[in-house]
Amino acid sequence: RLSQLRAQDRPGATARVERLYAERARVAPGSEHDIHFSHALFDELHDLGEHEAAWAALERGMRAKRATLRYDVADDLRLVDAIRRRCDAGFVARGGHVADGDAPAPVFIVGLFRSGSTVLERMLGGHPAIAEGGESMGFAAALRLAADHRGRGLVDEALLARLDAVDWHALGRDFMAANAWRAHGRALWTEKLPTNALLLGCIARALPQARFIHTVRAPMDVCFSNLRMLYGGFAPWSYDQRELAAWHQAHAALMAHWHALLGPRLIDVHHDRLLREPEATMRRVLGHLDLGFDAAVLRPERSGGAVATASAAQVRAGLRAPRPPDWRPYRDHLGPLAAGLGVEPS
């Protein structure tokens with residue numbers, strides 16, 4: 001989306017806004033074109049400080065996109081509850097595949113979209129012992145094959161019902177055989193698919209040597225960052241404030257469950273703290289991975305590698321101290337989101 005890479009010049013921005021309004025007027029209301037133009041208008045108007053017009057554009061785009069989706073957030077909430085019941089302490093404690101001492105180990109980075117996982121992975125990739133693996137469906141694919149089931153989404157209740165039939169040692173072995181090349185000869189590689197949060201219990205059981213990092217951002221910050229994004233259909237909860245809040249709370253409850261089960265194998269990394277105290281935070285993260293500190297991790301803007309997520313522009317800009325939250329000018333419109341999160345939008 002070019003609106004995310006736009007130059008910050010007011011005359012040019014004003015001209016782009018006028019063109020976007022004109023182009024949107026030519027397309028059918030509620031169409032995919034209308035949705036894209038509306039989200040692009042929000043980006044431009046937000047940067048110009050025209051917040052009421054920006055909100056009107058975003059709300060129009062969100063409403064139109066939500067109308068195209070067949071989605072009920074209650075289904076996702078039931079699934080998260082089912083995962084927590086199925087993947088309990090006894091389930092995770094059973095054995096999996098223990099790789100030999102020379103094999104690389106995966107580091108699974110999970111979290112809500114827009115929670116800082118891309119920046120963290122980019123920083124970790126500066127360490128000589130860590131390769132950036134990006135977002136992979138590698139474990140989900142191996143699990144589906146082991147369970148002989150392909151259902152809706154990353155995991156569904158039918159897959160959970162088949163977990164007793166899985167050979168967990170073979171699953172871990174096969175995942176490593178198919179994916180360890182992504183370490184490129186280094187000791188560790190990152191697996192940064194955010195929705196692997198749903199599978200942490202299965203991953204922990206199959207891969208006892210795996211380590212886990214959960215990226216965390218303040219609830220209103222991360223939710224508004226999702227609300228303003230146009231993902232398509234793979235984040236259907238992101239176009240309605242109440243649904244987004246419900247998904248955030250379900251994710252938080254699931255991660256609390258994994259913390260209780262995985263103990264020191266899982267740590268939280270708070271995005272604001274990473275930006276404010278990068279060296280101290282990265283020393284803690286590298287210690288979690290049994291690695292010494294290397295100053296190269298403090299330069300995520302370095303050349304080499306690729307970033308294919310919505311955070312590409314931010315990563316290229318390097319580390320910057322947190323700014324005032326983008327949602328604050330819209331707080332009068334964000335009552336449903338704040339109420340669902342149980343916070344005061346001040």
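The values are calculated or read from the model by the stated rules, or taken from the named source; none is laboratory data. Worth saying up front: this structure is predicted, and the values here are computed from it rather than measured. When we count neighbours, we look across all protein chains shown, and the Cβ atoms used for this are built from the backbone with ideal geometry, even at glycine. Each accessible area value is taken on the protein alone, full model and side chains, heavy atoms only, with ligands, DNA and RNA left out. Shrake-Rupley method; radii C 1.70, N 1.55, O 1.52, S 1.80 Å.
The figures follow:
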| quantity | calculated |
| --- | --- |
| Residue within the stretch 308-324 that is within 21 Å of the chain's Cα centre (by Cα) and modelled with pLDDT of 95 or more present | no |
| Subset tally (residues that are surrounded by fewer than 16 Cβ atoms within 10 Å (Cβ to Cβ) and not small (Gly, Ala, Ser)) for the stretch 250-268 | 2 |
| Residues located in the stretch 102-158, provided they are in a helix (DSSP H, G or I) and not aliphatic (A, V, I, L, M) | Ser117, Thr118, Glu121, Arg122, Gly138, Phe139, Arg144, Glu157 |
| Test: residue in the stretch 86-101 that is of a type outside the set (D, E, K, R), outside any loop (DSSP other than H, G, I, E, B) and closer than 25 Å to Tyr231 by Cα | no |
| The one condition in (1) touching a residue at least 24 places away in the same chain (Cβ under 8 Å); (2) over 23 Å from Gly95 (Cα atoms); (3) of a type outside the set (Lys, Arg) that Gly232 fails to fulfil | (1) |
| Selection within the stretch 172-181 - of a type outside the set (Gly, Ala, Ser) and either surrounded by 14 or more Cβ atoms within 10 Å (Cβ to Cβ) or at positive phi (or both) | Arg173, Asp174, Phe175, Met176, Asn179 |
| Count of the stretch 196-208 residues which are open to solvent by 10 Å² or more (accessible area, probe 1.4 Å) and part of a loop (DSSP other than H, G, I, E, B) | 1 |
| Cβ-Cβ under 7 Å pairs, at least 6 apart or on other chains, the stretch 40-55 side within 19 Å of Ala22 (Cβ to Cβ) and among the aliphatic types (A, V, I, L, M), far side open to solvent by 10 Å² or more (accessible area, probe 1.4 Å) and assigned to a loop (DSSP other than H, G, I, E, B) | Ala40/Arg1 |
| Of residues in the stretch 252-269 being free of Cβ contacts under 8 Å to residues at least 60 places away in the same chain and outside any helix (DSSP H, G or I), the one farthest from the chain's Cα centre (by Cα) | Ile267 |
| Candidate set: the stretch 101-158, residues that are at positive phi and of a type in the set (D, E, K, R); chosen: the one least open to solvent (accessible area, probe 1.4 Å) | Arg114 |
| Leading residue by the ranking (nearest to Phe91 (Cα to Cα)) among those in the stretch 209-229 that are charged (D, E, K, R) and assigned to a loop (DSSP other than H, G, I, E, B) | Arg217 |
| Pair list, Cβ < 7 Å and 6+ apart or interchain, from the stretch 151-176 residues that are small (Gly, Ala, Ser) to residues that are crowded, with 19+ Cβ neighbours inside 10 Å | Gly151/Leu159; Ala165/Ala147; Ala170/Ala146; Gly172/Gly96; Gly172/His97; Gly172/Ala206; Gly172/Leu207 |
| Of the criteria (1) at pLDDT 95 or above; (2) assigned to a loop (DSSP other than H, G, I, E, B); (3) on the phi > 0 side of the Ramachandran plot, which one Gly305 fails | (1) |
| Members of the stretch 41-86 found to be under 19 Å from Ala25 (Cα atoms), open to solvent by 30 Å² or more (accessible area, probe 1.4 Å) and among the aliphatic types (A, V, I, L, M), listed by number | Ala53, Ala56 |
| Enumerated helices (runs of 4 or more DSSP H) restricted to the stretch 1-68, each holding at least 3 residues that are at pLDDT below 95 and not hydroxyl-bearing (Ser, Thr, Tyr) | 10-25 |
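Conditions tested, residue by residue: (1) within 27 Å of Ser31 (Cα to Cα); (2) touching a strand residue (DSSP E or B) at 6+ places or on another chain (Cβ under 9 Å); (3) of a type in the set (Val, Ile, Thr); (4) open to solvent by 10 Å² or more (accessible area, probe 1.4 Å).
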{"position": "Ala170", "(1), (2), (3), (4)": "no, no, no, yes"}
{"position": "Ala183", "(1), (2), (3), (4)": "no, yes, no, no"}
{"position": "Glu191", "(1), (2), (3), (4)": "no, yes, no, no"}
{"position": "Ala210", "(1), (2), (3), (4)": "no, yes, no, no"}
{"position": "Asn226", "(1), (2), (3), (4)": "yes, no, no, no"}
{"position": "Phe234", "(1), (2), (3), (4)": "yes, no, no, yes"}
{"position": "Arg242", "(1), (2), (3), (4)": "yes, no, no, yes"}
